[in-house]
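First the structure, in the form of C-alpha cells, and then the observations on it.
The values are calculated or read from the model by the stated rules, or taken from the named source; none is laboratory data. All values reported here derive from a predicted model rather than from experimental measurement. Cβ: placed from backbone, ideal geometry, glycine included. Neighbour counts: every protein chain shown. The accessibility values were calculated without ligands, DNA or RNA, using every heavy atom of the protein model including side chains. Shrake-Rupley method; radii C 1.70, N 1.55, O 1.52, S 1.80 Å.
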Amino acid sequence: MSRTIIISVTADQKLELPSEIQATLNPGDEYAVWQTEDTILIKKIQKSQGFSDLWQCIDDLGHDPEQPAIEEIAEIVKEVRRTMTEDESRS
C-alpha cells in the first residue's frame, strides 16, 4: 500500500499524524529515520521473533537439492583433515 498523506508540525515541533496512521502503530515499535535537506524518510525496523522465526523461514525455503548428504560432508572433512596432516608433516 502506497499513498501520500500530508502531515504538519505542531507549535512544539512534533509531527501530527492522522488517526489512520496512528491506528497502525504499536507500542514498542521502532523506526529508523533518515533526513536530507528537504526529505524525511521513516521506515519501520523489522524485529525478529527469535529462533522460531528463523526455523520457519528455513522450513519455508524447503530442501536444497545442492545440499550434500551427511556422508558426503563426513568424507570432505576427512579429506581436509588428511590434507592438513600431510601439510604439517612436510613442514
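For segment 33-91, which residues satisfy the criterion of being over 30 Å from residue 15 (Cα atoms) and either basic (Lys, Arg) or touching a helix residue (DSSP H, G or I) at 6+ places or on another chain (Cβ under 8 Å) (or both)?
Across segment 33-91, the qualifying residues are 68, 78, 81, 82, 90.
Return the total of residues in segment 27-54 being polar (S, T, N, Q) and open to solvent by 90 Å² or more (accessible area, probe 1.4 Å).
4
Among the residues of segment 3-26, are any at pLDDT below 85, over 14 Å from the mean Cα position of the chain (by Cα) and not hydroxyl-bearing (Ser, Thr, Tyr)?
As a first pass, look at segment 3-26 and keep what is at pLDDT below 85: 3.
Applying the additional criterion that residues be over 14 Å from the mean Cα position of the chain (by Cα) yields 3.
Next cut, not hydroxyl-bearing (Ser, Thr, Tyr) only: 3.
Yes, segment 3-26 contains a residue that is at pLDDT below 85, over 14 Å from the mean Cα position of the chain (by Cα) and not hydroxyl-bearing (Ser, Thr, Tyr).
Being among the acidic types (Asp, Glu), part of a helix (DSSP H, G or I) and open to solvent by 100 Å² or more (accessible area, probe 1.4 Å) narrows it down to one residue among 71, 86; which is it?
Working: 86 fails: open to solvent by 100 Å² or more (accessible area, probe 1.4 Å).
None of the others qualify; the one that does is 71.
So for segment 6-21 (the condition being on the phi > 0 side of the Ramachandran plot and either open to solvent by 100 Å² or more (accessible area, probe 1.4 Å) or touching a residue at least 24 places away in the same chain (Cβ under 8 Å) (or both)), does at least one residue qualify?
Yes, that holds for at least one residue.
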